[in-house]
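Novice: Before anything else, here's the structure in question.
The values are calculated or read from the model by the stated rules, or taken from the named source; none is laboratory data. This one's a predicted model, so the numbers in the text were calculated from it and none came from an experiment. Glycine also receives a Cβ, built like all others from the backbone with ideal geometry; neighbour counts cover every protein chain displayed. The protein model used for the area step is the full one, side chains on, heavy atoms only, and it has no ligands, DNA or RNA in it. Shrake-Rupley method; radii C 1.70, N 1.55, O 1.52, S 1.80 Å.
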Amino acid sequence: MTSEAGGTAVVAMKKWLRGGLFTLAGLQTIVAAWQYLLPRSFYDNFPTVKLDPPFNEHLVSDVGGLGLAVTATLYFAAVVLDTKVAAAALLGYAVYVVTHFIFHVTHFDNFSLLEAIGVGTGLGIEVVLAVLLMYVTWLIHRAESAIAQPVRAR
């Protein structure tokens, strides 16, 4: 791959990475802000949440605050678009969504089949997106490293 072609590929991948980071950050913003600002409303109105243990305002608000922290790192990563920053933001996000996914798919006791499928699918999509964006970040880092290295004479 020529340096020019490699540079074009990196630019294209960075557009996908930025779009993905903004998408994850936007979705996380909605949920986390709702949890933090209106914890009772979140508990009462977000699908399936009230099927879990009793409402605890402190817990829901704290989770919302942590979600806003994750959101801030995703937005920052999307703006600066540095692969190390993106990898760190996505790693933190992935830890959150994987543990969230595992909890829910092992606690479907009070859920209908449709609710279980909806929750499992929605949370599973978050895991897949995080992993895909981590892979894109790695590809960009690898391509940028290859472009930065001088071509060796054969």
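Novice: Taking Phe42 as meeting all but one of (1) within 27 Å of Leu132 (Cα to Cα); (2) in a helix (DSSP H, G or I), write down the number of the exception.
Specialist: Every listed condition holds for Phe42 apart from (1).
Novice: For the range 50-64, which residues satisfy the criterion of being at pLDDT 90 or above, in contact with a helix residue (DSSP H, G or I) (Cβ under 6 Å, 6 or more places away or on another chain) and surrounded by 14 or more Cβ atoms within 10 Å (Cβ to Cβ)?
Specialist: Passing the criteria: Val60, Ser61, Val63, Gly64.
Novice: Any idea which of Ala69, Ala5, Ala33, Ala94 is out of contact with any Phe, Trp or Tyr (no Cβ under 7 Å at 6 or more places or on another chain), open to solvent by less than 60 Å² (accessible area, probe 1.4 Å), part of a helix (DSSP H, G or I) and at pLDDT below 95? Working first, answer last.
Specialist: Details: Ala69 fails: at pLDDT below 95; Ala33 fails: at pLDDT below 95; Ala94 fails: at pLDDT below 95.
When all the criteria are applied, what remains is Ala5.
Novice: Related question: Out of curiosity, is Gly124 farther than 30 Å from Val10 by Cβ and in a helix (DSSP H, G or I)? Don't jump to the end; show me each part of the working.
Specialist: Details: farther than 30 Å from Val10 by Cβ: no; in a helix (DSSP H, G or I): yes.
Here the answer is no, as Gly124 does not meet what is asked.
Novice: While we're on this one: Could you tell me whether the range 75-82 includes any residue that is surrounded by 14 or more Cβ atoms within 10 Å (Cβ to Cβ) and in a loop (DSSP other than H, G, I, E, B)?
Specialist: Yes, there is a match, as at least one residue in the range 75-82 is surrounded by 14 or more Cβ atoms within 10 Å (Cβ to Cβ) and in a loop (DSSP other than H, G, I, E, B).
Novice: Do you know which residues across the range 36-49 are out of contact with any Asp or Glu (no Cβ under 6 Å at 6 or more places or on another chain) and either more than 18 Å from Phe111 (Cα to Cα) or surrounded by 14 or more Cβ atoms within 10 Å (Cβ to Cβ) (or both)?
Specialist: Residues satisfying the conditions are Tyr36, Leu37, Leu38, Arg40, Ser41, Phe42, Tyr43, Val49.
Novice: Quick test of your reading of the structure: Gln149 fulfils all but one of (1) open to solvent by 60 Å² or more (accessible area, probe 1.4 Å); (2) in contact with a helix residue (DSSP H, G or I) (Cβ under 7 Å, 6 or more places away or on another chain); (3) not β-branched (Val, Ile, Thr). Name the failing condition by number.
Specialist: (2)
Novice: Could you count how many residues in the range 97-146 are in contact with a Pro (Cβ under 8 Å, 6 or more places away or on another chain) and open to solvent by 50 Å² or more (accessible area, probe 1.4 Å)?
Specialist: Within the range 97-146, residues that are in contact with a Pro (Cβ under 8 Å, 6 or more places away or on another chain) and open to solvent by 50 Å² or more (accessible area, probe 1.4 Å) number 1.
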